[in-house]
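Below is one structure, written out as structure tokens, with a few remarks after it.
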Amino acid sequence: MTFCVLTVAVVLTAAVTLFVVFEQRRGPSQLRVDSVTLWKHQVGTTCTLIGVITTNGEEGTIAYGWTSETGTGPVITEPVGNGREQVEARYDWHAEGTQTLDPVVSLQVLQPELKQVIAHPATDCR
């Protein structure tokens, strides 16, 4: 009986030691952006661009912003919890008659890595 208890203790100690060594070698996981996509939704003269930033699910902070030919919006930072794989960003583009004020709009991910996706709301939302 004593031999059995000692064997279990040795095996458990070895397993825990291997796990700790593996985790130290692997190092901390890093938040990574896997993709950035845009969806378009139009209601009347408003075209809503919905950006979906897909991550690897690790913990960290995402920073992004919208740019267009008429200006640059603020940089938005959003903490991402462990296991959360998507962040949604919205931009409302308003068509004024036949004018196309923002022929190109882009969603730029600034952190943790640079990624960009571009839309043409004047033509994409018709």
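The values are calculated or read from the model by the stated rules, or taken from the named source; none is laboratory data. This is a predicted model, so every value here is computed, not measured. Cβ: placed from backbone, ideal geometry, glycine included. Neighbour counts: every protein chain shown.
Miscellaneous remarks
- Options Val52, Val80, Val36: the member that is surrounded by 12 or more Cβ atoms within 10 Å (Cβ to Cβ) and free of Cβ contacts under 8 Å to residues at least 40 places away in the same chain: Val52
Yes/no per residue for (1) modelled with pLDDT of 95 or more; (2) more than 13 Å from Val36 (Cβ to Cβ); (3) assigned to a strand (DSSP E or B):
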| site | (1), (2), (3) |
| --- | --- |
| Gly83 | no, yes, no |
| Arg90 | no, yes, yes |
| Val109 | yes, no, yes |
| Arg126 | no, yes, no |
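- Positions within the range 59-83 being of a type in the set (A, V, I, L, M, F, W, C), closer than 21 Å to Ala119 by Cβ and in contact with a Leu (Cβ under 8 Å, 6 or more places away or on another chain), in sequence order: Ile62, Ala63, Trp66, Val75
- When residues of the range 38-58 are limited to those that are assigned to a strand (DSSP E or B) and out of contact with any Leu (no Cβ under 9 Å at 6 or more places or on another chain), the one nearest to Gly83 (Cα to Cα): Thr54
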